[in-house]
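Following: one structure in structure tokens, then a few remarks.
Please treat every number below as a calculation from the coordinates, not as lab data. What you are looking at is a predicted structure, and each value in this text was computed from that prediction instead of being measured. So basically every Cβ, Gly included, is an ideal-geometry build from the backbone, and we count neighbours across all protein chains shown.
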Amino acid sequence: MTLTADGLILKHPTHPRALEAARAAHSALPGLALSEKTGIAYTDALVATRRGLPALTVVALPRGGVEAHWHQVSDRPEHVELQALADACAFAGQILKQLDGDA
């Protein structure tokens, strides 16, 4: 999932160049199940986003209605879905290729 806006109370839109790169990466990887949503809390990209810099938050949500373990005692490696991690890495790598002009 790609966040189109970030922030807990005040929502800050994701920079258009960052969204453009994410959409181009998704087009290059049509087999990945990707969606765009407004974030519900702060992410690491918010500092850059608030300053008008192209930053992007990519989130991998558990499949099949399984509860996420983020920021809880149960947030351990055995709860990471390996395919979701591989998909996120492929997506991030494609974004970097897009930005580098190698795509």
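Taking the centroid of alpha carbons for each part, the range 56-76 and the range 6-49 are 17 Å apart.
A cut-off under 13 angstrom between Cβ atoms defines the neighbours of A68, and their net charge, with Lys, Arg +1 and Asp, Glu -1, is -1.
Using a Gaussian network model on the chain with a 10 Å cutoff between Cα atoms, which of P16, P54, P30 fluctuates the most? For the chain, modelled as a Gaussian network with Cα springs under 10 Å, the answer is P30. Among the chymotrypsin sites (Phe, Trp or Tyr not before Pro) in the range 23-103, those located in a DSSP loop and surrounded by at most 15 other Cβ atoms within 10 Å of their own Cβ are Y42, W70. Among the trypsin sites (Lys or Arg not before Pro) within the range 1-83, those in coil by DSSP and having at most 12 neighbouring Cβ atoms inside 10 Å are R51, R63. For the range 15-100, what D do you get in µm² per second when you plug the Kirkwood radius from alpha-carbon pairs into Stokes-Einstein at 25 °C and 0.890 mPa s? The estimated diffusion coefficient comes to 171 µm²/s. The GluC sites (Glu not before Pro) of the range 46-102 that meet both conditions, a loop assignment by DSSP and at most 15 other Cβ atoms within 10 Å of the site Cβ, are E67, E81. The value of relative contact order for the chain, using C-alpha pairs under 8 Å at least six residues apart, is 33 percent.
The modelled label-to-label distance for the pair V80/L53, using points 7 Å beyond Cα in the direction of Cβ, is 2.5 nm.
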